[in-house]
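The values are calculated or read from the model by the stated rules, or taken from the named source; none is laboratory data. Keep in mind it's a predicted model, so treat the numbers as computed, not measured. Heads up, the Cβs are rebuilt from the backbone with ideal geometry, glycines too, and the neighbour counts pull from every protein chain shown. The area values use the complete protein model at the heavy-atom level, side chains included, leaving out ligands, DNA and RNA. Shrake-Rupley method; radii C 1.70, N 1.55, O 1.52, S 1.80 Å.
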Amino acid sequence: MLKELIDKSYLDRHKEREQSRFYITDAGKCPRAVFFKFKNAPRTEMEARVLRMFDHGDQVHQLIMRPLLSVKEVHVVAAEVKIGPQELISGRADAIISDGKDLYVLDIKSMNGMIFRNLEEAKEDNINQLQLYLHFFKIPRGILLYVNKDTLELKEFLINYNQSLVQSLLKDLTELKVKIDKNIIPQRSSDYPKNWQCQYCAFKEICALASSDEMSWDDFKAKIETTGRDRS
Ligand code: SF4
């Protein structure tokens, strides 16, 4: 009984909300998957178990932040820092810290032991996010701090602001926003279905039904509605 109630509570809280701006985690992601997310297209529902793992990740972040609030070598200037108001992206960095000389954006990521052990450099999608924080906060350096969820070991990577990478991420998102507004489904990823994002993609099923090239969302929506794959 409790399991069902807890699962339901997680699933109810997770109900998809209308998305009008990009989340920082969308940067560098498959444009087609992000498009489908904006349009609330039919997707594989996330399991309550996975949602609990996200919750657990948040708890781990708080655990790691706590000692930083009391050490004298580092000052936490602000925690849970939101990107300032603009039309394109919303996001919240874990903290901005200072060593007394320079400011750093801190982003904490947790992962399972196997991925952690094999981690030799910062992950590309995490770098993309951090680069955007550096850009919007106008801070030249940041730290990606990884936590092994199984053992609570830590690894950290210092990341310098990369202007050309940020310009490329912003350009891609701006172009994708035009397609979202015009209801044009972006083309399928060129290395579909081998791309790692395809393996975990909640839109894999409907992506396979659409053509590999760009196509009209209105036409595709009508097609999936007639095959009973819409959510209504
Ligand atoms: S299955 Fe792959 S190409 Fe298709 S939307 Fe998902 S990530 Fe993109």
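Here's a check for you: in the range 81-120, which residue that is closer than 30 Å to residue 181 by Cα and out of contact with any helix residue (DSSP H, G or I) (no Cβ under 9 Å at 6 or more places or on another chain) is surrounded by the most Cβ atoms within 10 Å (Cβ to Cβ)? Quick ask: steps written out before the conclusion?
First pass over the range 81-120, keeping only residues closer than 30 Å to residue 181 by Cα: 81-93.
Filter once more, so that each one left must be out of contact with any helix residue (DSSP H, G or I) (no Cβ under 9 Å at 6 or more places or on another chain): 82, 85.
Details: 82: 11, 85: 6.
This residue is 82.
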Pairs only if they're at least six apart or on different chains, beta carbon under 6 angstrom, first in the range 180-209 and more than 21 Å from residue 21 (Cα to Cα), second more than 6 Å from the ligand (Cβ to nearest atom); list them, first residue then second.
188/212; 206/41; 206/42
Answer yes or no: is there a residue in the range 162-173 that is in contact with a strand residue (DSSP E or B) (Cβ under 8 Å, 6 or more places away or on another chain) and not polar (S, T, N, Q).
yes
Does the range 200-226 hold any residues that are more than 13 Å from the ligand (Cβ to nearest atom) and either in contact with a Ser or Thr (Cβ under 9 Å, 6 or more places away or on another chain) or among the small types (Gly, Ala, Ser) (or both), and which are they?
216, 222, 225
Kindly evaluate residue 136 against the criterion of being more than 14 Å from the ligand (Cβ to nearest atom), surrounded by 18 or more Cβ atoms within 10 Å (Cβ to Cβ) and either under 18 Å from the mean Cα position of the chain (by Cα) or at pLDDT below 95 (or both).
yes
Restrict the check to the range 129-140 and report whether at least one residue is at positive phi and out of contact with any Lys or Arg (no Cβ under 9 Å at 6 or more places or on another chain).
yes
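Okay, residues lined up against (1) without any contact (Cβ under 8 Å) to a residue 40 or more places away in the chain; (2) charged (D, E, K, R); (3) in contact with a Cys (Cβ under 8 Å, 6 or more places away or on another chain):
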| position | (1), (2), (3) |
| --- | --- |
| 88 | no, no, no |
| 99 | yes, yes, no |
| 103 | yes, no, no |
| 106 | yes, no, no |
| 116 | yes, no, no |
| 146 | yes, no, no |
| 149 | no, yes, no |
| 155 | yes, yes, no |
| 167 | yes, no, no |
Pick from 166, 147: which is more than 16 Å from the ligand (Cβ to nearest atom), open to solvent by less than 50 Å² (accessible area, probe 1.4 Å) and farther than 23 Å from residue 20 by Cβ?
147
In the range 171-196, anything within 17 Å of residue 38 (Cα to Cα) and surrounded by 13 or more Cβ atoms within 10 Å (Cβ to Cβ) is listed as 172, 173, 176, 177, 179, 180, 183, 184, 185, 186, 187, 188
State whether one or more residues within the range 187-199 are within 13 Å of the ligand (Cβ to nearest atom), in contact with a strand residue (DSSP E or B) (Cβ under 9 Å, 6 or more places away or on another chain) and not hydroxyl-bearing (Ser, Thr, Tyr).
yes
Against the definition (farther than 21 Å from residue 107 by Cα and buried (at least 17 other Cβ atoms within 10 Å of the Cβ)), how does residue 220 come out, yes or no?
yes
